[in-house]
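The values are calculated or read from the model by the stated rules, or taken from the named source; none is laboratory data. Predicted, not measured: the structure shown is a model, and the values here were computed from it. Neighbour counts are summed over all protein chains in view; Cβ atoms, including those assigned to glycine, are modelled from backbone coordinates with ideal geometry.
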Number of protein chains: 2
Amino acid sequence: MNQLSPLDQHRKAYSPKRPSALSQGIERVRIRTGEATESIRDLDAIRASFPKTYGMPLLSFEAGVSTGASKPLRVGVVLSGGQAPGGHNVIAGLFDSIRALHAESALYGFIGGPGGLEKGQYELIGSEKMDAYRNTGGFDIIGSGRTKLETPEQFDRCIEVIRGLQLDAVVIIGGDDSNTNAAILAEYLLGKGLRTCVVGIPKTIDGDLKNARIPTSFGFDTAVKTYSELIGNIARDARSARKYWHFIKLMGRSASHITLEAGLQTRANVTLISEEIEEKKQSLDKVVESVCHSVKARAAQGRDYGVVLVPEGLVEFIPSIKSLIAEVNDLLAEKEKEFAGLPSTETKIQTLAGWLKPESALTFKLLPGAIQAQLLLDRDPHGNVQVSLIETEKLLSEMVNAKLKKDPEYRGKFTPQHHFFGYEGRAAAPSNFDADYCYSLGCAATVLIRDGKTGYMASVRNLSQGVENWEAGGVPITMLFNMESRHGKLKPVIQKALVELKGPAFGELAKHRSAWEVEDAYLYPGPIQYFGPADICDAITKTLTLEKG
Amino acid sequence: MNQLSPLDQHRKAYSPKRPSALSQGIERVRIRTGEATESIRDLDAIRASFPKTYGMPLLSFEAGVSTGASKPLRVGVVLSGGQAPGGHNVIAGLFDSIRALHAESALYGFIGGPGGLEKGQYELIGSEKMDAYRNTGGFDIIGSGRTKLETPEQFDRCIEVIRGLQLDAVVIIGGDDSNTNAAILAEYLLGKGLRTCVVGIPKTIDGDLKNARIPTSFGFDTAVKTYSELIGNIARDARSARKYWHFIKLMGRSASHITLEAGLQTRANVTLISEEIEEKKQSLDKVVESVCHSVKARAAQGRDYGVVLVPEGLVEFIPSIKSLIAEVNDLLAEKEKEFAGLPSTETKIQTLAGWLKPESALTFKLLPGAIQAQLLLDRDPHGNVQVSLIETEKLLSEMVNAKLKKDPEYRGKFTPQHHFFGYEGRAAAPSNFDADYCYSLGCAATVLIRDGKTGYMASVRNLSQGVENWEAGGVPITMLFNMESRHGKLKPVIQKALVELKGPAFGELAKHRSAWEVEDAYLYPGPIQYFGPADICDAITKTLTLEKG
């Protein structure tokens, strides 16, 4: 075991707050059955795929009288996909609550993600180990992994393991893909006559796993607060030095929740939202123009500095770039050998430009040389462009620079700096909010397991009203489903919750951004605080506040 | 004025702690005169340059009886160079203490750095403005700048301004260059018969402005804690995901104090120290080899992940690269036109390789293509290679990758990620330590001014012993001087305090690094805390602890 830092040392002693229904003894929690549910869309297709678990009712928890002695529960837990702050606290909540129900309950951690469940690699989690990980960041207690459990063969191997360990439940802590597969596994187990429950926990810093009953995924709070600390510091530096424009890319391929929240927390000059760019079918040039607008307006006031927030997935939402990337992928697959034989990067760029259809060729020629090279050279094992490696923050600043140089009205000085924040926040120690929320989710999962509920995600809502008023319960996972094309085939999957352009969080940005892009309206949130005034330590995100989560 | 974040709101109310000699009323502080001082080296040359201020005694402060009513003090203050957390608190300490001496004292802030003093651009700082900036990061209260005041013509313009405002003192908050020039200005003013004091304040996040009497420069504490928070988070992410090697470059061109301290705070697997590389005359290949050593040892234990800390100035300390850069600068100046006429980057690289002397050509050919291109293309206005733009973190990871590929014993998987942290910490809100230290420095400056001491740096030492035992005083700036070549001419300047390879901080790294490079010995310091347990909130750096600052 590692030596602990002083902060980790003190955080070990933090006792997560829980909603009142969960804080009076897990054995006393009563489940109230609510309305039956439907999927978001494609009801018939999804009902057909989930004959046993479709349409189950919403569940809410309330404090009741003791339901009597419980049998010992045997539970397996899996951490799936990218780290999110608070994962260890979900496990701590599970651990404490199953043992509160019965001292002989056992928690098995599957090692290295879903692959550990499939291969039967596990560890019985003991008190000492659990205590060392309470309120800490990371997924290192048992490790995580990206294996997708989706085929019957894989499920059958899982069944072997589940039977071997006589598990009452498997808890899958993951994002939309992992919860999609959790629902499929739940259905599969029932089909095989197994009574083992599968319970999902909504995890992802991206914030795109939510619905009306699941106000946020865990980890979003801590990760965005960490990024906002850094963005605020950079904004203050920019305002002090008065000479740099900082282009800051933020993690989040699919949805721009992180960028939106960070923009609201720091009031950056420009906050780009992929969903808006797609909705308005903006060209790359148009996006560049919108940044130039701020640079010019600020330069006119003597402010040759600023902060631009860029969502990681931006280029994939720009229709012209999306087509260009698709065309490049096809061309390089088709002409692989011919292309590989070209003598230099510059020749490759010129040759490719000649192969492209006129519209894509135009888009391609507008890109800075370094980005053109990235499109050609950095390919994934399937030969495709690695969109995540495209340095969008540099792409934008170079194109802004080029545009400004041609602008006779612009007399400022434009010097960009570039940043990408992602890994800095995914494994941060959870904020009090995430520590509390995750621990509560772990306890809520136990209630579902206790009563044999499968195919549910544990949920805690009413998060903007103080922990004692939080409402715990369960949401049928199929409620979040729709049909989407995967490798050319329609499949039932959880729909990603993108930024709603009609929602209150985007509305807040839209309301203020014309002021923020000119003025120094920066807020400096500072680092996450674990001790001290509640308005700092227990603050929730702007998104959650505005959405009245 | 900006709206304040909740943290800034609460921090406004923070009352900085002060050493006992300064906390019982500035009018009661008695100055005790210590030993006369000498420069570090080149005593005769420096004595000759500073006939009036050389060899002045050390000063220490103690609580005494009231020295009676003071006259109102008129003080100007300048923020010089890069931001460092706590600058606003130096100004707050000055502001409060000169007004404590006399209610009619006035503090003038020169706008935009030393240039504001030269041009007479200033602002009378009032209570309301001052209050808004207490315990905040950044230098935006009056702005900073990089103008160097060093010529008699500049000094004469400063004298005009000083006379116009009838200043009793000018306080210069800056790094080694700015304090060098503060000492020269002090001498110059005395030579002109002016009684205006010049007082320096040791500022720089780099930590390279210190001596036996000045244990640390302000800002180092907060900046390194901010970087260490991020490095710790990344280490935890690496350990959870088990698939990335993170190469993290840290600000600090000249000295590696930041990297060393961050290495001690987080126990990264590899912490490169420029001073050691120079001392041992290591080649780039040797440095790469030292990283490979850790990668291979960890891969042998199934750990295909890790964290490498790289000081920003690294390449300038590698003798072969240093000569290469010098040669490239000369060649491109000499053959400017011919070079500009070459058709492509690839031709330029090949042609340059042919021009270089054999040894430099060999070094050049070893560099990855992207870095070769950076050497040729990114030139500063004088036509020189912009060393600060060289992406050393990528240079290293690419060379490590190339070396590993040739190594038959290595069977791991090496996937690097890159980060550069600098702007994230320079303008962070000061830690309690920096808030207290800076405020105390501001108060100490007032005592020096009150008693007409010029050519001194305000000092607070004994910093590892709790604030009440801190010892305030003054250090003659010339004590830090030696002669160094500047543009081919020997000049008296403050010697940069580099990492001492025989010092206790480096010793601590040297003692543990063979373990840390293999094991997961990471510590996760977490974000700076302003409230809560003193062992977290008031913690000092490892460097200061080990050096018994």
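Values as computed for the structure displayed
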item: Selection within region A:496-549 - crowded, with 20+ Cβ neighbours inside 10 Å, hydroxyl-bearing (Ser, Thr, Tyr) and within 14 Å of chain B (Cβ to nearest Cβ); result: A:Tyr522, A:Tyr524, A:Tyr530, A:Thr541
item: Any hit, region A:370-381, residues being without any contact (Cβ under 8 Å) to a residue 24 or more places away in the chain and among the hydrophobic types (A, V, I, L, M, F, W, C); result: no
item: Residue in region A:195-246 that is farthest from B:Pro85 (Cα to Cα), counting only those that are away from chain B (no Cβ under 14 Å) and touching a Cys at 6+ places or on another chain (Cβ under 9 Å); result: A:Ile201
item: Candidates A:Ala63, A:Ala13 - the one that is surrounded by fewer than 16 Cβ atoms within 10 Å (Cβ to Cβ) and within 14 Å of chain B (Cβ to nearest Cβ); result: A:Ala13
item: Residue list for region B:142-162, filter: within 14 Å of another protein chain (Cβ to nearest Cβ) and in contact with a Lys or Arg (Cβ under 7 Å, 6 or more places away or on another chain); result: B:Gly143
item: Number of the exception - B:Leu165 against (1) within 14 Å of chain A (Cβ to nearest Cβ); (2) within 15 Å of B:Val75 (Cβ to Cβ); result: (1)
item: Evaluation of A:Phe339 against (1) over 34 Å from the mean Cα position of the chain (by Cα); (2) surrounded by 19 or more Cβ atoms within 10 Å (Cβ to Cβ) (one fails), failing number; result: (2)
item: Selection count, region B:194-219, where residues are touching a residue at least 24 places away in the same chain (Cβ under 8 Å) and assigned to a loop (DSSP other than H, G, I, E, B); result: 15
item: Filter result for A:Glu484 (more than 14 Å from chain B (Cβ to nearest Cβ), surrounded by 15 or more Cβ atoms within 10 Å (Cβ to Cβ) and under 20 Å from the mean Cα position of the chain (by Cα)); result: yes
item: Criterion (more than 30 Å from A:Ser5 (Cβ to Cβ), of a type outside the set (Val, Ile, Thr) and not in a loop (DSSP other than H, G, I, E, B)) met by exactly one of A:Ser459, A:Ser440; result: A:Ser459
item: Selection within region A:109-135 - part of a loop (DSSP other than H, G, I, E, B) and under 19 Å from A:Val199 (Cβ atoms); result: A:Gly113, A:Ile125
item: Filter result for the condition that a residue is touching a residue at least 12 places away in the same chain (Cβ under 8 Å), surrounded by 21 or more Cβ atoms within 10 Å (Cβ to Cβ), in contact with a helix residue (DSSP H, G or I) (Cβ under 9 Å, 6 or more places away or on another chain) and aliphatic (A, V, I, L, M), over B:Ile111, B:Ile142; result: B:Ile142
item: Residue count, region A:398-451 (criterion: crowded, with 24+ Cβ neighbours inside 10 Å, more than 14 Å from every other protein chain (Cβ to nearest Cβ) and of a type in the set (Gly, Ala, Ser)); result: 4
item: Counted residues, region B:493-540 - those being hydroxyl-bearing (Ser, Thr, Tyr) and either in a helix (DSSP H, G or I) or under 19 Å from B:Leu272 (Cβ atoms) (or both); result: 2
item: Flag if A:Leu264 is within 30 Å of B:Thr222 (Cα to Cα), part of a helix (DSSP H, G or I) and within 14 Å of chain B (Cβ to nearest Cβ); result: yes
item: Verdict on A:Glu468 being assigned to a helix (DSSP H, G or I), modelled with pLDDT under 95 and under 24 Å from A:Tyr437 (Cβ atoms); result: yes
item: Which listed residue is away from chain A (no Cβ under 14 Å), farther than 14 Å from B:Ala444 by Cβ, surrounded by fewer than 22 Cβ atoms within 10 Å (Cβ to Cβ) and of a type in the set (S, T, N, Q), from B:Ser49, B:Ser20; result: B:Ser49
item: Selection status of B:Arg99, surrounded by fewer than 20 Cβ atoms within 10 Å (Cβ to Cβ) and out of contact with any Ser or Thr (no Cβ under 7 Å at 6 or more places or on another chain); result: no
item: Filter result for B:Leu490 (surrounded by fewer than 19 Cβ atoms within 10 Å (Cβ to Cβ) and part of a loop (DSSP other than H, G, I, E, B)); result: no
item: Failed condition for B:Ser254, given (1) over 22 Å from B:Ala402 (Cα atoms); (2) outside any loop (DSSP other than H, G, I, E, B); result: (2)
item: Strands (runs of 3 or more DSSP E) enclosed by region B:1-108 - at least 1 residues per element that are under 23 Å from B:Ile125 (Cβ atoms) and modelled with pLDDT of 95 or more; result: B:29-36, B:74-79
item: Output for region A:267-281, where each listed residue is surrounded by fewer than 24 Cβ atoms within 10 Å (Cβ to Cβ) and not aliphatic (A, V, I, L, M); result: A:Glu275, A:Glu276, A:Glu278, A:Glu279, A:Lys280, A:Lys281
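Matching residues to (1) farther than 23 Å from A:Glu393 by Cβ; (2) out of contact with any strand residue (DSSP E or B) (no Cβ under 7 Å at 6 or more places or on another chain); (3) surrounded by fewer than 24 Cβ atoms within 10 Å (Cβ to Cβ); (4) not aliphatic (A, V, I, L, M):
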residue: A:Asn181; (1), (2), (3), (4): yes, yes, no, yes
residue: A:Tyr188; (1), (2), (3), (4): yes, yes, yes, yes
residue: A:Val198; (1), (2), (3), (4): yes, no, no, no
residue: A:Asn211; (1), (2), (3), (4): yes, yes, yes, yes
residue: A:Phe218; (1), (2), (3), (4): yes, no, no, yes
residue: A:Tyr244; (1), (2), (3), (4): no, no, yes, yes
residue: A:Ser254; (1), (2), (3), (4): no, yes, yes, yes
residue: A:Glu261; (1), (2), (3), (4): no, yes, no, yes
residue: A:Gln265; (1), (2), (3), (4): no, yes, yes, yes
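Condition check ((1) surrounded by 17 or more Cβ atoms within 10 Å (Cβ to Cβ); (2) under 30 Å from B:Cys537 (Cα atoms); (3) within 14 Å of chain A (Cβ to nearest Cβ); (4) not acidic (Asp, Glu)) across all residues:
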position: B:Ala36; (1), (2), (3), (4): no, no, no, yes
position: B:Leu58; (1), (2), (3), (4): yes, no, no, yes
position: B:Ala69; (1), (2), (3), (4): no, no, no, yes
position: B:Leu73; (1), (2), (3), (4): yes, no, no, yes
position: B:Val77; (1), (2), (3), (4): yes, yes, no, yes
